[in-house]
Amino acid sequence: MNIIIFGPQGSGKGTQADLLAKKYKLYHLSMGDELRAEIKKGSAIGKKVQPIMEKGNLVPNSITNNMLLDISKRKEAKRGIILDGYPRNMEQYEFVKKNIKINAAIELHIPDSESVKRIASRRICPKCGKNYNLIWLKPKKSGHCDIDGAKLTQRNDDMPIEIKNRLKIYHSQTSPIKQKYKKHDVLYVIDGSRSIKTVHKEIVKILDKL
């Protein structure tokens, strides 16, 4: 089973993808996390995409498409993949359609105001990479990671200006793909403004029928 989970920044895609990956034993492919891992390694790809991502812009399709093919060949991805943060434009969609059979495309819908609020509240541990949110996933000790105690930081692309730029890109390039999913009868729209538990239960109810 291959699933696409999409929505504006802060809609909870990563959280829900993690929960679904564990429940259905699927591979959670977060393109953003994969790219940030390349940046952390200091690879050629990482050096190329870092300034692009810090401005909230989309990484060239040639890079993400090749990464998708490589990752889809991993042993742990054979059972199925949850695509999180990809495809983000029509060209990427056509590439996915050509290479992977999609069983469901789940949209987590939230207003832009909620998106900005949530993203501005995100924090990350620079040491282990664990994500937190000051609204609903708070660390036990304010400002510090539960795992290693490192001081939490805010990603460069989670600043207000970058957030608004990413939302603009989402509405102009990613949102139109929704009509493609609808045409192929794989689209499911979920109200992402509710609790993590409630959203998860609704998604599971949909997937269990497939």
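Data for the structure
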quantity	calculated
Out-of-range pairs (alpha-carbon distance over 18 Å; input Lys140/Lys201; Lys97/Lys178; Lys98/Lys183; Lys40/Lys130; Lys47/Lys75)	Lys140/Lys201; Lys47/Lys75
D_trans [Stokes-Einstein, Kirkwood Rh over alpha-carbon pairs] for the stretch 114-153, 37 °C, 0.692 mPa s, µm² s⁻¹	328
Overall Cα dimensions of the stretch 5-56 - principal axes, largest extent first, Å	35, 23, 11
Counted charge near Lys180, where neighbours are those whose Cβ lies closer than 10 Å (Asp, Glu -1; Lys, Arg +1)	+3
For the stretch 3-207, radius of gyration divided by Kirkwood radius, i.e. Rg to Rh on alpha-carbons	0.94
Residues of type aspartates and glutamates that Lys41 reaches as a straight line, Cα spacing below 14 Å, ignoring anything fewer than 8 places off in the same chain	Asp33
Residue-by-residue Karplus 3J(HN,Hα) for the stretch 185-192, coefficients 6.51, -1.76, 1.60, Hz, glycine and proline x	6, 10, 8, 9, 9, 10, 6, x
Kirkwood Rh and Cα Rg combined as Rg/Rh, the stretch 31-136	0.97
Dipole magnitude of the chain, debye to nearest 20 (Cβ charges: Lys/Arg +1, Asp/Glu -1, about Cα centre)	440
Label-point separation in nm, Ile161 to Asp185, each point 7 Å along Cα→Cβ	4.8
Neighbourhood net charge (13 Å Cβ-Cβ; Lys/Arg +1, Asp/Glu -1) for Ser142	+4
DSSP bridge orientation in the stretch 3-207 - percent antiparallel, rounded to nearest 5	30
Net charge of Cβ neighbours under 14 Å - reference Lys55; Lys, Arg +1; Asp, Glu -1	+1
Using a Förster distance of 45 Å, the FRET efficiency for Lys140-His171 (Cβ separation, nearest 0.05)	0.80
Net length gained if the chain between Thr153 and Glu54 were fully extended (0.36 nm per residue, minus Cα distance)	34.2 nm
Residues of the stretch 35-55 with amide N under 18 Å of the 7 Å Cα→Cβ point at Asp70	35-53
Extension reserve of the Thr198-Ala120 stretch, reckoned as 0.36 nm per residue once the Cα distance is removed	25.8 nm
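Bear in mind these aren't lab numbers, they're just calculated from the coordinates by the rules spelled out. Worth saying up front: this structure is predicted, and the values here are computed from it rather than measured. Ideal geometry is used to build each Cβ from the backbone, glycine not excepted, and the neighbour counts take in all protein chains shown.
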